[in-house]
1. On the protein heavy atoms, probe 1.4 angstrom, tell me the percent of accessible surface of the chain carried by carbon and sulfur.
2. Radius of gyration and Dmax for segment 171-264's Cα atoms, expressed in Å?
3. What's the magnitude of the charge dipole for the chain around its Cα centre, counting Lys and Arg as +1 and Asp and Glu as -1 at the beta-carbon? Answer in Debye, nearest 20.
4. Once Lys and Arg get +1 and Asp and Glu get -1 on their Cβ, which of I397, T42, G210 lies farthest toward the positive end of the dipole of the chain?
5. Which pairs break 23 Å Cα to Cα here: K141/K181; K27/K71; K27/K91; K71/K224?
6. D for the chain, whole µm²/s, Stokes-Einstein with Kirkwood Rh over alpha-carbon pairs at 37 °C and 0.692 mPa s: what number?
7. Going highest first, how would you order 72-79, 344-351, 103-110 by mean Cβ packing within 10 Å?
8. Kirkwood hydrodynamic radius of segment 277-338 from all distinct Cα pairs, in Å?
Amino acid sequence: MSLKFRALSLTNKTLNQIHTQLIKNPKPHTLNPILGSLINSTSPENALFLYNQMLHYPTSHNHYTFTYALKACTSLQAHQKGLEIHAHVLKCGHYYDVFIQNSLLHFYVTENDIHSASQVFDSIRSPNVVSWTLIVSGLSKCGFDDEAIVKFLSMDVEPNSFTLVSVMSSCSSLRALRLGKAVHGYSLRNLSEHNIILHNAILDFYTSCGSLVHARHLFVKMPKRDVFSWTTLMGGYAQAGLCDEAVTVFQQMVECDEAKPNEVTIVNLLSACSSVGALNLGEWIHSYISGRRDLVVNGNVGNALINMYVKCGHLGMALQVFKAFKSKDIISWSTVISGMAMNGYGNQVLQLFSLMIVHGVPPDGVTFVGLLSACSHAGLVDQGLMFFNAMKVVYGIEPRVQHYACVVDMYGRAGLLGAAEAFIRRMPITADSAVWGALLNACRIHGNDEMFERIRRCLVNGGEVNIGTLALLSNVYTSSDRWDDANKVRDEMKRMREKKMAGCSWIEAEKQP
């Protein structure tokens, strides 16, 4: 809708007042405050209507008028109007006012037009801290993290806390631990005020870099913490696999009542429970959610709950949560389908997929991994091949290596080893160790030593083998009492200087945290 038609939303009374002001006293000090009020109203498009009217009266506007108009464009995402204002200030000679240039810079940064923002910044004769902060934040926001850091390091004015927040974001993205620590040190030496936004940005930086000792130290020293602070530290522990530490942080958060956990907090903690199979804790969190009227078991929280119950092997509760959903998205359906496949409910998975299609939810690649896995475990080879072919033909999804591995595993479990090998040879992408490992495992299960040895020689000679495949080879030899061959494989693993990650178990000692 054009600005001319948008102006119709102005009341007649307001129109008359604006018209009266323009006729009686067309002065900027009278009209600019009205412009500012309209920007902050529920209909900021009216500010641009007034701006257009002010342009007809040469004495009614000054350089502040353009900054107000650009603010309205930013609020409305009116890119074309912003370009028009940019052209007008160039024409009327106001362009080199630093306030207008910063307003233009802010407008382009908000619009993610980093090219135009950079051009404006380069034209500023003496950029102030606002100018530098805007360009650094714009580069960081648009993914130009290296450029944002270079810009920050070239600053010829003292950065403020907002500048440091922006550069810390780029340091987090690049995992630039050394520079981030230097920025942290600078803030401690030069900024006297306690800025929780900056502290949270530094906290996020340390957790992103995996430097949890520094993160914990900062967290403890922070004079004030909010829900973002707690969630960031908890998420850092969960992401690093330190799930018991993540749980401890959540317990402290609930007990001290410094901040109330939000959806992101709950999702992070449920993810930690899923990683270690902590069912009792997951059930306690479910109970905690039920006691919070502001937390709804739907969307991200509901999907995280389903995933937790699935990973902990409590499929009944996963289905119960799923059925209670008001609106199920692709993540909800795919999580339940994958969970049922993991637990061997092949036929039920097919029924669930049919129901998903009836509800108008299109499948994605993750859905098909669950479907193919279900067909593999249930021995439904024909149905599995049908799904595999439908991926690309019907749904336009290009099969990835994990889909091919599922088909090989499906053939292998059914004893169709020749078909599995032929399928691998026809693959349009290079088979990785997961694909070959599925066939080797099938050879082991069905006792086909001849194929096993032939594939093993091809893999070793072709260099298409990783530590997981070597571990599988060693285990197969060991189970067949072929100790010399097993030892040779182990020696090869040592030469690769790699080690297979050891398994671990989680034992819950209490019902509640």
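The values are calculated or read from the model by the stated rules, or taken from the named source; none is laboratory data. All values reported here derive from a predicted model rather than from experimental measurement. Reconstructed Cβ throughout: ideal geometry from the backbone, glycine too, with neighbour counts over all protein chains shown. Protein only, heavy atoms only, side chains kept; ligands, DNA and RNA dropped before computing areas. Shrake-Rupley method; radii C 1.70, N 1.55, O 1.52, S 1.80 Å.
1. Numbers: 13950 of 26340 Å².
Carbon and sulfur: 53 percent of the exposed surface of the chain.
2. Calculated on Cα positions, Rg and Dmax stand at 13.0, 37 Å.
3. Details: 44 positive and 41 negative charges, 164 e Å.
With Lys and Arg at +1 and Asp and Glu at -1, about 780 debye.
4. Of the options given, the answer is T42.
5. Values: K141/K181 21 Å; K27/K71 20 Å; K27/K91 21 Å; K71/K224 32 Å.
Where the Cα-Cα span goes over 23 Å, the pairs concerned are K71/K224.
6. Details: Rh = 28.3 Å.
Stokes-Einstein gives a translational diffusion coefficient of 116 µm²/s.
7. 103-110, 72-79, 344-351
8. Working: mean 1/r = 0.0872 Å⁻¹.
Here the Kirkwood hydrodynamic radius works out to 11.5 Å.
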